[in-house]
There are 2 protein chains.
Amino acid sequence: MADRNAANLMGRGESLLFLTDDQLRRGIEAMFFAYRGFTADPDRILQDYGYGRAHHRAIHFINRAPGTTVNNLLSILGVTKQSLNRVLRTLVEDGLVDSRVGTRDKRERHLFLTPKGAALERDLSEAQRNRMRDAYRAAGPEAVAGFRAVLEQMMDPDMRRHYVDGGDGQR
Amino acid sequence: MADRNAANLMGRGESLLFLTDDQLRRGIEAMFFAYRGFTADPDRILQDYGYGRAHHRAIHFINRAPGTTVNNLLSILGVTKQSLNRVLRTLVEDGLVDSRVGTRDKRERHLFLTPKGAALERDLSEAQRNRMRDAYRAAGPEAVAGFRAVLEQMMDPDMRRHYVDGGDGQR
DNA sequence: AGTTTATGTCAGCCTTGTTGACTTTCCAAG
DNA sequence: CTTGGAAAGTCAACAAGGCTGACATAAACT
């Protein structure tokens, strides 16, 4: 606690990186402010439908891995099944998600977006992609690799696997 | 909508960046998973105190700019005063935050961390800094610059000012 | 057949966001 | 010196989306 401005020499032979507390604080605040920007556009769209971020997340990952089970979704989203169920139920009721009983294991439900659900997904992801693309463009190509590298390190190790492979369908 | 895998040539003469929908999707998911990791450690600590993320955010920005007013905090946090007030009230009641009536303008309240509040702040920010430092180290120095550059672009423009300058105290 | 495990559902609670209505305190302009 | 408006705070009601606990059903394993 005495030497709060300790410098750090990186072992990669590339350059000197000063990880002062103030540098780290800026990184922390950058995450906070950027995440707000990141979710702002979808949030606006969702409001028109009476949905929230939880619905967006469910729709996103069902779209990425059609036919995924509820349990798989749970492990990705990191919420309780009760919490997810509430969101899923409204999406099924509103005809955005199709929930089909598993053939191999009838305990499971396989989830799919209906055409209506896929339409909303496109709206949401297009807005988010546009924001991401603009940020990438303004920051430049080298920045993108660094961005992804740091974020990947910031994840909990368990989550990294959901991130790297595209997420299984119904195997 | 026909050409979903459109390639993008960056105008910087540096390199070719392929911003496919899949590349952008990975960036989006990286943000989602990384933000969870980013908040996981503080969330655990806060639970012991019966506080939530809203308390953390208030404590963080009061620490960064001691003597800041409620209104300034509102513009940084982007919530309603009723929402912030509830959080602030519990922090004052619990003796973590000191709310002093302004001398120049007695309508304003200037906010400070008490020693007890500063202690919790250190706990929280130390955990978060450790996570950030580890991620930086593993990703390497070049990555850090890119990380910060992309995040800065992802913020809403209004927020960038709170990010760049350290945040005013009582001017 | 009976127990255990996996999965999904229902009910109720908490935090933290929202809006709306209102009061108090104060500064500053007419 | 009065009045208009900004800053701060309060109360009430509500919604989203976390949580835990209790429970139902299907499948799997003795």
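Looking for whichever is over 17 Å from A:E29 (Cβ atoms), out of contact with any helix residue (DSSP H, G or I) (no Cβ under 7 Å at 6 or more places or on another chain), within 15 Å of DNA strand C (Cβ to nearest atom) and basic (K, R) here; the options are B:R109, B:R89. Which one fits? Only one candidate passes the filter, namely B:R89. Open to solvent by 20 Å² or more (accessible area, probe 1.4 Å), within 14 Å of chain B (Cβ to nearest Cβ) and not in a loop (DSSP other than H, G, I, E, B): which single residue out of A:R129, A:R86 fits that description? None of the others qualify; the one that does is A:R129. Taking the stretch B:52-91 as the range and being away from DNA strand D (no atom under 12 Å from the Cβ) and more than 19 Å from A:F33 (Cβ to Cβ) as the test, only B:P66 passes. Among the numbered conditions (1) in contact with a His (Cβ under 7 Å, 6 or more places away or on another chain); (2) open to solvent by 20 Å² or more (accessible area, probe 1.4 Å), the only one that B:A145 does not meet is (1).
Screening the candidates B:D94, B:D123 for the property of being more than 27 Å from A:D22 (Cβ to Cβ) and more than 13 Å from DNA strand D (Cβ to nearest atom) yields one hit, B:D94.
Output yes when any residue across the stretch A:24-41 is open to solvent by 60 Å² or more (accessible area, probe 1.4 Å), within 12 Å of DNA strand C (Cβ to nearest atom) and either away from every other protein chain (no Cβ under 14 Å) or of a type in the set (V, I, T) (or both), and no when none is. Among the residues of the stretch A:24-41, not one is open to solvent by 60 Å² or more (accessible area, probe 1.4 Å), within 12 Å of DNA strand C (Cβ to nearest atom) and either away from every other protein chain (no Cβ under 14 Å) or of a type in the set (V, I, T) (or both), which makes the answer no. Of everything listed in (1) more than 10 Å from chain B (Cβ to nearest Cβ); (2) closer than 18 Å to A:A58 by Cβ; (3) surrounded by fewer than 20 Cβ atoms within 10 Å (Cβ to Cβ), the single unmet condition for A:G117 is (3).
Among the residues of the stretch B:105-126, those that are of a type outside the set (S, T, Y), more than 30 Å from A:Q153 (Cβ to Cβ) and either in a helix (DSSP H, G or I) or without any contact (Cβ under 8 Å) to a residue 40 or more places away in the chain (or both) comprise B:D105, B:K106, B:R107, B:E108, B:P115, B:K116, B:G117.
Would you be able to tell me the number of residues in the stretch B:62-75 that are open to solvent by 10 Å² or more (accessible area, probe 1.4 Å) and under 18 Å from B:L124 (Cβ atoms)? Result for the stretch B:62-75: 3. Checking each residue in the stretch A:40-66 for being touching a His at 6+ places or on another chain (Cβ under 9 Å) and at pLDDT 90 or above picks out A:P42, A:D43, A:I45, A:L46, A:F61, A:P66.
With the structure loaded, tell me whether B:K81 is open to solvent by 70 Å² or more (accessible area, probe 1.4 Å), farther than 21 Å from B:E121 by Cα and more than 20 Å from the chain's Cα centre (by Cα) or whether it fails that test.
No.
Output the residue which, of all residues in the stretch A:52-86 that are in contact with a Ser or Thr (Cβ under 8 Å, 6 or more places away or on another chain) and within 26 Å of B:M159 (Cβ to Cβ), is farthest from DNA strand C (Cβ to nearest atom). Going through the qualifying residues, I end up with A:H60.
The values are calculated or read from the model by the stated rules, or taken from the named source; none is laboratory data. Since this is a predicted model, take the numbers as computed values, not measurements. For neighbour counting, all protein chains shown are included, and Cβ atoms are generated from backbone atoms with ideal geometry for every residue, glycine included. Just so you know, the surface numbers come from the protein's heavy atoms only, side chains and all, with ligands and any DNA or RNA stripped out. Shrake-Rupley method; radii C 1.70, N 1.55, O 1.52, S 1.80 Å.
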